[in-house]
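See below for the structure under consideration.
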């Protein structure tokens, strides 16, 4: 879904930047195709990354490109205590600032006590399952996650990914292509779709639980439903009976052969939106369902499954 550029500029001002830093995680393989490098980091961005409560923007080098992510840590955070990590990914075209505003995950992290990371895609996009570009976003997000485990002391047994649209597709891609990293994912208005997902071998090598939110009025609804069918059949998942959530929204649990779970929220009247958000572009409050609360509830109940 496209978001007006003027709105993105305004949203960037809403995202607090308590500190900036630069880190290098370059594998030396050169630049990705067809991209423009952001401006060189300013002097204030040259400081060492300093894990602390609040918000920081971090710049790191990955495959010859300057890549940026934001981190939010709750009040009272200290690296001496391992906290869960939630990676939140934006739609296309957008950035981490918009993902933070749309989802409200910073406030949720402050209340529940976990870390949040918002990776920025190049040119406001991720190279996900059907869109966009050719960047190694899996490698970048994997390197970012490793830094957050090593430097911020995120709990490696409780690393999660969520996102909307392009970011939701990306969460499925990470589940498959970052083996052993994620305990669970929560794609919203996105799916296990595209050419790669059509292959029966394109599946996680370790158990990854999934909670997904699908709108019945979403233009990609049929594709998302086919992706759910493909994933659950390949993982040997047995679906339970649909349960009422709010209004006509339902929740269908499925237990899978590898002990993971696949939970599907179906919202018949919703389009390509984030349920529970008041954002005027991609939010939907009419359903009465609050995706951010339900996602954290699911993540909290699903640490990494031991092999």
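Nothing in this text is a laboratory measurement; each read-out follows from the coordinates by a stated rule. What you are looking at is a predicted structure, and each value in this text was computed from that prediction instead of being measured. We place every Cβ from the backbone using ideal geometry, glycine too, and count neighbours over all the protein chains shown.
Stretching residue 196 away from residue 111 to a fully extended chain increases their span by 26.8 nm, per 0.36 nm per residue minus the current alpha-carbon distance.
The residue 229 and residue 80 beta-carbon pair, evaluated with R₀ = 51 Å, returns a calculated FRET efficiency of approximately 0.70. Highest mean first, the peptides 182-193, 254-265, 232-243, 126-137 sorted by other C-beta atoms within 10 Å per residue fall in the order 182-193, 126-137, 254-265, 232-243.
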